[in-house]
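K.L.:
Pasting a structure here, questions to come.
The values are calculated or read from the model by the stated rules, or taken from the named source; none is laboratory data. Note that the coordinates shown come from a computational prediction; the quantities given were computed from them, not determined experimentally. Here the Cβ is made from the backbone with ideal geometry for all residues, glycine too, and neighbour counts use every protein chain on show.
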Amino acid sequence: MGLPWIRLETGFYSNAKFITLTDRGEWRAAYVAICAMAWSGDQGTNGYIPKGTLKKIDGRPRDAQTLVDVGLWNITEGGWDIQSWGDYQPSMGEYQERKERMKLRGQAGGLARVANAKQATSSST
């Protein structure tokens, strides 16, 4: 299981790289870039997009090359890496650690509530 969400900066539409895409009329490539972010988060690939995934996210080789040309993707062995993924998204390891910490906090809070309830019950008798 991957991330349940990804961070998408609210001003992404004004990023120079996205503006370049839209100025060129490369709407499909812009859509593929956003779908790739969601897919990578969902699959827990830390920004890696395998070549075989391109079709699953409605991308074409031309779209991938366009994303490389504007600097949103980097070519890597067997696919592409989303540029600056780690600057905005937690890695799967970081996400799993946070999830475990939250689970432990919840358990500790539950145990504290039980102990407090027992203490309150024994004090009132």
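K.L.:
What about Q107, is it over 22 Å from the mean Cα position of the chain (by Cα), at pLDDT below 70 and over 30 Å from K51 (Cα atoms)?
P.N.:
Here the answer is yes, as Q107 does meet what is asked.
K.L.:
If I filter the stretch 9-37 down to residues being within 15 Å of the chain's Cα centre (by Cα) and in contact (Cβ under 8 Å) with a residue 40 or more places away in the chain, which single residue comes out as farthest from K56 (Cα to Cα)?
P.N.:
By that ranking, first place goes to E9.
K.L.:
Restricting attention to the stretch 53-75, does a residue exist that is in contact with a helix residue (DSSP H, G or I) (Cβ under 7 Å, 6 or more places away or on another chain), over 20 Å from F12 (Cβ atoms) and modelled with pLDDT under 95?
P.N.:
no
K.L.:
Which one of these is closer than 30 Å to Q96 by Cα, touching a residue at least 40 places away in the same chain (Cβ under 8 Å) and in contact with a strand residue (DSSP E or B) (Cβ under 7 Å, 6 or more places away or on another chain): G47, G79?
P.N.:
On the way: G79 fails: touching a residue at least 40 places away in the same chain (Cβ under 8 Å).
It is G47.
K.L.:
Return yes or no: is T10 among the polar types (S, T, N, Q), assigned to a helix (DSSP H, G or I) and loosely packed, with under 14 Cβ neighbours inside 10 Å?
P.N.:
When the stated conditions are applied, T10 does not pass them.
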